[in-house]
Each structure stands twice: as structure tokens, then as C-alpha cells.
1. Inside the range 107-151, can you point out the residues that are assigned to a loop (DSSP other than H, G, I, E, B), among the small types (Gly, Ala, Ser) and more than 19 Å from the chain's Cα centre (by Cα)?
2. When residue 47 is evaluated against the numbered criteria (1) among the hydrophobic types (A, V, I, L, M, F, W, C); (2) in contact with a Cys (Cβ under 9 Å, 6 or more places away or on another chain); (3) within 25 Å of residue 148 (Cα to Cα), which criterion, by number, is the only one it fails?
3. Do the conditions hold for residue 113, that is, is it among the small types (Gly, Ala, Ser), in contact with a strand residue (DSSP E or B) (Cβ under 8 Å, 6 or more places away or on another chain) and in contact (Cβ under 8 Å) with a residue 40 or more places away in the chain?
4. Go through the range 109-130 residue by residue and tally those that are open to solvent by less than 100 Å² (accessible area, probe 1.4 Å), farther than 25 Å from residue 26 by Cα and among the polar types (S, T, N, Q).
5. Output the residues belonging to the range 135-163 that are under 26 Å from residue 19 (Cβ atoms), open to solvent by 100 Å² or more (accessible area, probe 1.4 Å) and either hydrophobic (A, V, I, L, M, F, W, C) or modelled with pLDDT under 80 (or both).
6. Looking only at residues in the range 91-106 that are touching a Leu at 6+ places or on another chain (Cβ under 7 Å) and in a strand (DSSP E or B), which one is farthest from residue 14 (Cα to Cα)?
7. Find the strands (runs of 3 or more DSSP E) located wholly in the range 1-90 whose residues include 3 or more that are surrounded by fewer than 17 Cβ atoms within 10 Å (Cβ to Cβ), in contact (Cβ under 8 Å) with a residue 24 or more places away in the chain and touching a Phe, Trp or Tyr at 6+ places or on another chain (Cβ under 9 Å), and list them.
Amino acid sequence: MAGDVQKLSGGCQCGAVRYKVTGEVGHPHLCHCRMCQKASGNFFLPLIGAAKKDFEWTRGEPAWFHSSKPVRRGFCGTCGTPLAFDTVGDDHIAFTHGSLDDVAAVTPVEQSGVEGRVPFYGHLFELSETRSNRDDLPGGIADISTTNNQHPDHDTDQWEVRGA
């Protein structure tokens, strides 16, 4: 929950960049602005704030892109996972909600940038649902499971980036 002291960790898909948060998190929200849509390649970008003093890159460093003069966005230079939103000179940083090891540990409290929200957003939960299966592949979901290069959802002392 926002304002609670958390011990959170997360990182990119390939494991080259990891972080931890050891203080309060705040303002978990979904940003619908066009810049966040482009940065995430999605309809919105879920972000969570933390004081920079409570946020640490624990493995590797993100690559940075200035999406505007005051804002830079951090991402893994190997796999491309969006990781951070940093207002230059601010004492807080926002990190991507989906990069947390435990995505359910923090619940969003607001939607911002709603002028950019896609018109069909309110109907997403009306769509039919299926579980992951990948029947379109010769080995199906089992082939993905046995060849998975994704970093596990927890800290590891060492990790060899695979699939790069």
C-alpha cells in the first residue's frame, strides 16, 4: 500500500539490471499519457515512487533516454525492459510496477494522464479470457518453459544473462 515501508526488489526480464527499495513507496499509479504509452509499448505505464535514498540499483545500471528535457527513462540496455522514470534533480524516482518481483505487493491508487487513455480501456474486462498455451508452437507452452531465459522473480547472487 502507498506510504508503507516496503522491502521490494525487482529488475528487468533478462536479469542484467536489478534494484531494491528499502523505504516508503508512494503514489502507485497508472499513467495514460502518450509518452508513457510509447515508453512502455502499452496502453498505460504503471509507476511507483520512492525516495532516491531508499532506491538502489543492485546489479548493473539502466541505460537512459531523455524523453523530455526534465525527464529521463531508464531501461535495460540488453533486453529493453522499462525500469524507471526520473525527473532530473528530483529526490524521488519512479520505477515500473511490472518490474517488481512481487507485482501484487503494491496496489495502484490513481490513474493519471487520462487525456491519453485509449477509448476501449473501460471495456478490457469484457474481453474473452484464455490461459497461456501457445498451441501455435510445435512444443507448445512446454517448449517455452524448458527454454525460458527470464530472470526468476527474486534476487540471485549471480545470474548469467541468457538469450541476449
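The values are calculated or read from the model by the stated rules, or taken from the named source; none is laboratory data. Only a predicted model underlies this, so the values are computations on that prediction, with no experimental measurement involved. We place every Cβ from the backbone using ideal geometry, glycine too, and count neighbours over all the protein chains shown. Surface areas here come from the heavy atoms of the whole protein model, side chains and all, with no ligands, DNA or RNA. Shrake-Rupley method; radii C 1.70, N 1.55, O 1.52, S 1.80 Å.
1. Narrowing the range 107-151 to residues assigned to a loop (DSSP other than H, G, I, E, B): 107-109, 113, 117-120, 127-139, 147-151.
Filter once more, so that each one left must be among the small types (Gly, Ala, Ser): 113, 128, 132, 139.
The answer is 128, 132, 139.
2. Just one mismatch for residue 47, condition (3).
3. It is true that residue 113 is among the small types (Gly, Ala, Ser), in contact with a strand residue (DSSP E or B) (Cβ under 8 Å, 6 or more places away or on another chain) and in contact (Cβ under 8 Å) with a residue 40 or more places away in the chain.
4. Residues in the range 109-130 being open to solvent by less than 100 Å² (accessible area, probe 1.4 Å), farther than 25 Å from residue 26 by Cα and among the polar types (S, T, N, Q): 0 in total.
5. none
6. 94
7. On the way: elements: 8-11, 18-21, 25-31, 45-51, 55-59, 63-66, 71-75, 82-87.
Fully inside the range 1-90 and qualifying: 55-59.
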